[in-house]
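Engineer: Please find one structure pasted underneath; my questions will follow.
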Amino acid sequence: MDPGLQQRLSWLFETLLNVAMEVQHLLGTGMPAAAYSRCVAHELEQLKLVVQQDLPVPIIYKGLTIEDGLRLDMVVDGRVTVRVICEEKVTPLDDARMHAQLRVTGLPMGVLLNFGPASVRGSSRRVMNPAPRTA
């Protein structure tokens, strides 16, 4: 991967974590995932990042296009898919869903923000796409 892209992705990951911590600090725990997602998007937009929310992504299966096959919580900077959850812990199913999003979109990185526990930083994670599409 291009070193410039790696640096940008690292910066985006840290920015997402810092923004998520700010949102969790102000809202506390126990809110719906959609509320956290919208607040994170707002904070990112304040930083002048391009944020797309509730983005439909088609899935292609043996020539069949399923237009609404997948819906992404958020795409940031055209490079990172962000999934917002509110669970006690991240499960293997959460990881599988993030890998599926990366496989379908071809984006280089996914970030799973978990607002369930007291610390969003300690319960969130970055997932790298082993075969990102280059544009």
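Since every read-out is calculated from the coordinates, none of them should be taken as a lab result. These numbers come from a predicted model, not from an experiment. Glycine gets a Cβ as well: all are built from the backbone with ideal geometry, and neighbour counts include every protein chain shown.
Engineer: So, of the residues in the range 65-94 that are in a loop (DSSP other than H, G, I, E, B) and among the β-branched types (Val, Ile, Thr), which turns out to be farthest from Val50 (Cα to Cα)?
Structural biologist: By that ranking, first place goes to Thr91.
Engineer: Could you please find all residues in the range 46-64 being touching a residue at least 12 places away in the same chain (Cβ under 8 Å), within 21 Å of Leu9 (Cβ to Cβ) and either more than 17 Å from the chain's Cα centre (by Cα) or not in a strand (DSSP E or B) (or both)?
Structural biologist: Scanning the range 46-64 gives Leu47, Leu49, Val50.
Engineer: In addition: Condition first: within 13 Å of the chain's Cα centre (by Cα) and not hydrophobic (A, V, I, L, M, F, W, C). Now tell me which residues in the range 98-135 satisfy that.
Structural biologist: Listed by number, the residues that qualify are His99, Gln101, Thr105, Pro108, Gly110, Asn114, Ser124, Arg125, Arg126, Asn129.
Engineer: What's the number of the condition Ile59 fails, among (1) in contact with a Phe, Trp or Tyr (Cβ under 7 Å, 6 or more places away or on another chain); (2) over 14 Å from Phe115 (Cα atoms); (3) β-branched (Val, Ile, Thr)?
Structural biologist: (1)
Engineer: Just checking, does the range 82-97 include any residue being free of Cβ contacts under 8 Å to residues at least 12 places away in the same chain and among the hydroxyl-bearing types (Ser, Thr, Tyr)? Show your work before the answer.
Structural biologist: Within the range 82-97, the subset free of Cβ contacts under 8 Å to residues at least 12 places away in the same chain is 91-93, 96.
From the residues that got through so far, the ones that are among the hydroxyl-bearing types (Ser, Thr, Tyr) too are 91.
Yes - at least one qualifying residue is present in the range 82-97.
Engineer: I've got another one for you. I need a count of the residues in the range 77-97 that are over 8 Å from the mean Cα position of the chain (by Cα) and not charged (D, E, K, R).
Structural biologist: Residues in the range 77-97 being over 8 Å from the mean Cα position of the chain (by Cα) and not charged (D, E, K, R): 8 in total.
Engineer: Report, by residue number, each residue of the range 18-27 that is surrounded by fewer than 17 Cβ atoms within 10 Å (Cβ to Cβ) and either under 13 Å from the mean Cα position of the chain (by Cα) or within 13 Å of Leu49 (Cβ to Cβ) (or both). Step through it out loud before you land on a result.
Structural biologist: From the range 18-27, those surrounded by fewer than 17 Cβ atoms within 10 Å (Cβ to Cβ) are 18, 21-22, 25-27; that's our starting set.
Hit for the range 18-27 is Asn18, nothing else.
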